Amino acid sequence: MTQYTKEGFEVHQMPEGIVMNIVFELDGQEFLALNGGPMFKFNEAVSFAVNCSDQDEIDYYWDKLAAGGDPKAQVCGWLKDQFGLSWQIVPTILSELLKDTDQKKTSRVMAAMMQMKKIDLSLLEKAFAQP
């Protein structure tokens, strides 16, 4: 963590001692977060994807990240957390289901997903497997 100092105040307008940036790690990936001030808001242009191997993982991450977030922003595996940051909670198999050469299968998977908030893996697999 670093903090703003009095140097550069005329540019950054941040009080001395306020957090300027932090470095954190998620699942082995290092990130740097910069406190640019209240004029910079989160939006959907940036989201984190959490690839999950099964429904238990989907449920776990969805429940933890959605807690305190905006329920109106929950659609097709996307959610906003309590800080307004967007997350995609998706099964790892989703890309395979959507890239299949059988367009009817991929269309059914997409149609099923479009009806969901939190992804239900069994419903996606059922849509894919239909004759």
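The numbers here are math on the coordinates, done by the rules we state, and not lab data. This one's a predicted model, so the numbers in the text were calculated from it and none came from an experiment. All Cβ positions, even for glycine, are placed from backbone atoms using ideal geometry, and neighbour counts span all protein chains on display.
Structure data summary
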{"quantity": "Nearest-20 debye value, the chain charge dipole, Cβ charges on Lys, Arg, Asp, Glu", "calculated": "620 debye"}
{"quantity": "Pairwise centroid distance, computed over Cα atoms, of region 24-48 with region 79-131, Å", "calculated": "25 Å"}
{"quantity": "Ranked list, fewest to most other Cβ atoms within 10 Å of each Cβ, for LEU79, LEU121", "calculated": "LEU121, LEU79"}
{"quantity": "Per-residue Cβ neighbour rank within 10 angstrom, fewest leading, CYS52, CYS76", "calculated": "CYS76, CYS52"}
{"quantity": "Spatially proximal aspartates and glutamates relative to LYS118 (Cα-Cα < 16 Å; intrachain offsets below 8 disregarded)", "calculated": "ASP54, ASP56, GLU57, ASP59, ASP63, ASP70, ASP81"}
{"quantity": "Where labels lie 7 Å past Cα in the beta-carbon direction, separation of CYS76 and GLU57 in nm", "calculated": "2.2 nm"}
{"quantity": "Fluctuation leader among LYS104, LYS117, LYS80 - the chain, Gaussian network, Cα springs under 10 angstrom", "calculated": "LYS104"}
{"quantity": "Extended-chain gain in nm, criterion 0.36 nm per residue less alpha-carbon gap, ASP102 and VAL46", "calculated": "17.0 nm"}
{"quantity": "Anisotropy class of the chain from Cα gyration tensor, a/c 1.5 cut", "calculated": "prolate"}
{"quantity": "Over 32 Å (Cα to Cα) - which of LYS41/LYS104; LYS41/LYS105; LYS64/LYS99; LYS41/LYS64 fall in this group", "calculated": "LYS41/LYS104; LYS41/LYS105"}
{"quantity": "Estimated [θ] at 222 nm from DSSP helical runs (n ≥ 4, -39500 (n - 2.57)) normalised by residues in the chain, nearest 500", "calculated": "-9000 deg cm²/dmol"}
{"quantity": "Förster radius 35 Å - calculated FRET efficiency between MET1 and ALA129 (Cβ-Cβ, nearest 0.05)", "calculated": "0.10"}
{"quantity": "Average Cα contact separation per residue, the chain, under 8 Å, 6 or more apart, as relative contact order %", "calculated": "18 percent"}
